[in-house]
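Here's the structure we're looking at; comments come further down.
Any read-out appearing in this document is the output of simple, stated calculations on the displayed coordinates, not a laboratory observation. Everything numeric here is computed off the predicted structure, so don't read it as measured data. When we count neighbours, we look across all protein chains shown, and the Cβ atoms used for this are built from the backbone with ideal geometry, even at glycine.
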Amino acid sequence: MITHFKQLFTEEGSITSEFHTPTTGFPCLSPGLAQSLQQPFSTREVVLALKDMKPLKAPGPDGFHAFFYQTCWPVVGDEVCDVVLGVLLGNPLPPGLNDTYITLIPKVPNAERVTQFRPIGLCNVVYKLITKCIVNRLKKLLPDMISPVQSSFVPGRQITDNVIIMQEVLHSMRRKTGVMGWMAIKLDSEKAYDRLRWDFLRTTLFRMQLPDLLVQVIMQCVSTCSLNILWNGEPSGAFTPSRAYGKVIHFRHIYLWLAWSASHNLSKHTAQRANGMQSHCR
């Protein structure tokens, strides 16, 4: 059981190849948006991130709920802000701050298989404040940066829209006449974006022209964490992941945004090459 879930956070075999993406066609930040991301984080952003947390969610390894920080903010606020804003300015994470417990939640009653458990990450509140400040800034950019064909994680869009679009596409294909036909390909992409390599994340962030400091902070947060799987309530031994597993990381919807943007760009790049080859053959 423990071995299975540890493998979710590590590369299969010895992978040394570098992730490559096309250098054109990526959604990039405008100068104005890039400038807004380069602004220093403020104490107000930290306070808003804390207020937005549910007070009694399961605590991380340090045992403190968000409720403790919310009620004792006049006492601990200055010290917490110093740590959070320091990391957001590029300082190293304090030891143990991004330690994370992984608890296994059964998906079905009387679960017997490892696939019937869902791993959930339990992070320290101060670490979540760092990630939440970054996510709150990036969320404002998603409607402008994300592909119009993605339905998830964008306000006003629903994943069920894809079902309607697919029905309309198949209906049009059935009614089409003429020599040139259409073809639909169904791809099984189950869990395709759950596990992402660090070099994929770093390359995609730079392709989208996010500020260097912000990329550095994000990569430090995700790639230096220490995970510990809880079994019968007891830690089973810490290990350092070599890739991201989206279900337990607080950048999850940002991960999916990056993965979808990269895959959509690759699809466009492939389609353009295919069209070029078709035109050449004609």
Taking r as the C-beta separation of N91 and T10 and R0 as 41 Å, the FRET efficiency to the nearest 0.05 is 0.90
1/(1 + (r/R0)^6) with r = Cβ-Cβ of M166 and L142, R0 = 22 Å, i.e. FRET efficiency to nearest 0.05, evaluates to 0.40
Computed for the stretch 26-133: size of charge dipole around the Cα centre, +1 on C-beta of each Lys and Arg, -1 on C-beta of each Asp and Glu, debye to nearest 20, value 500 debye
Output ordering of 162-170, 178-186 (per-residue mean of other Cβ within 10 Å, highest first) is 162-170, 178-186
Pseudo-spin-label distance W182 to W198, built 7 Å along Cα→Cβ, given in nm, is 4.5 nm
Taking r as the C-beta separation of A34 and F239 and R0 as 41 Å, the FRET efficiency to the nearest 0.05 is 0.70
